[in-house]
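Presented below is the structure to which this report refers.
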Amino acid sequence: MFRRHLVDWGLLTLSFIILACVLLMWLAGQTSSLIFNSITVIISLGVLAGCIIPQIALTWLIIFLTTIGSASLLLGYVVMPTFQKLLLLSTFPIIASLTALAKQIIGAWGWIDRNRTDINNYIAHYNPVVKLKSKYDATHLYHKEVRFIINEEKAKLRIDLNMIQWVHSKQFRQFHEEEYKETLHSISKILKDLRFPSEQIYYLGNETFLIISYALDQETLTYKNAQTQASLKKLSSFQTLPQYKWASLHINRKNVYDYMELNDALRYLTREMETDLVIEYLKGVESCD
């Protein structure tokens, strides 16, 4: 939990240091120039000590200097208002302690760099909003399926690809960022709840989902696709009904060589979506006429 907000805590601590320096300088400015110059030097020493000296040694240094300072200023005969004495005594402990805390928190940022490879792999493999694997994993699975379709001649293997895209989502995102994420999550939940356990669902980015189905007969696949489309149409977001584009591709030994790479199949599916969109537009124009 602490690591999740590590950067925020570091920036917050730096803000406290700046605020403390400004406040102490302002208070010192209300006194004499001698106190102001002294506070400036003490602040510089506090920042330097907090950055360089180890935490345990810094703690003992603060205790030692505070004790010596208290004995000199409070117990000794120094003609100076009590407020100024307290200001001088408190400046070094405050600045040094905050700087040491900031050093500890910011130093822990190094775990981000040390785990950068794991972070990049996580981002490449998994989308946390929709909680689905990404195109990277879909590509690996598709390569394996294509290889088996080609090599296993007697098995007559086949797969079906269904691609679903939420259209006009970018405009929606510009004005409703949180509702956009909730809608994406709801779409993925519908797909995970309705699709068969044997089917694989991936998020390709750009509000596009890919479903890979194995050896389903056409009647079953048609039924499941119709059920999915009906459920998606019922989904509302911010008093609007999201619109979708849908395309399907059946791959077997007859056409597998046309789609050796997943990108080849995705290009076909994208063209199918665009074609359906044009057909719907022309139907709309004809109905208006």
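Every number in this text was worked out from the coordinates using simple rules, so none of it is lab data. Owing to the predicted nature of the structure, the values given are computational and were not obtained by experimental measurement. When we count neighbours, we look across all protein chains shown, and the Cβ atoms used for this are built from the backbone with ideal geometry, even at glycine.
How large is ³J(HN,Hα) for each residue in region 248-263, as worked out from phi by the Karplus curve 6.51 cos²θ - 1.76 cosθ + 1.60 (θ = phi - 60°), to whole Hz, x for Gly and Pro?
Each residue's phi maps through the Karplus curve to give 10, 8, 9, 10, 9, 5, 6, 10, 4, 6, 7, 9, 5, 10, 4, 4 Hz.
For labels at L235 and V167 in the simple 7 Å Cα→Cβ model, what's the distance in nm?
1.6
By the scheme Lys and Arg +1, Asp and Glu -1, what is the net charge of all other residues having a beta-carbon under 12 Å from that of K156? Walk me through the numbers before you get to the answer.
On the way: positive: K154, R158, R253, K254; negative: E152, E153.
Overall, the nearby charge balance is +2.
Provide the descending list of Cα extents for region 146-209 along its principal axes, expressed in whole angstroms.
Sorted largest first, the three principal extents are 54, 21, 13 Å.
Please give the contour-minus-distance gain from L45 to S198: 0.36 nm per residue of separation, less the Cα-Cα distance, rounded to one decimal in nm. Display every interim value, and only then the final one.
Values: separation 153, 0.36 × 153 = 55.08 nm, distance 6.58 nm.
Additional length available on full extension: 48.5 nm.
Give me the extension gain from Q55 to F83: residue separation times 0.36 nm, minus the current Cα-Cα distance, reported in nm with one decimal.
Working: separation 28, 0.36 × 28 = 10.08 nm, distance 2.86 nm.
Taking Q55 through F83 to full extension adds about 7.2 nm, to one decimal.
Which loop chymotrypsin sites (Phe, Trp or Tyr not before Pro) in region 188-260, with loop taken from DSSP, have no more than 13 other Cβ atoms within 10 angstrom of their Cβ? Before the final figure, lay out the partial values.
Working: sites: Y202, Y203, F209, Y214, Y223, F238, Y244, W246, Y257, Y259; in loops: F238.
Filter output for region 188-260: F238.
Take M163, M260 and order them by how many other Cβ atoms sit within 10 Å, fewest up front. Can you show the working numbers first?
Details: M163 22, M260 14.
In order of increasing Cβ crowding within 10 Å: M260, M163.
Check which residues have an amide H placed less than 5 Å from A247's amide H, if you skip close sequence neighbours.
The list, which skips near neighbours in sequence, is M163.
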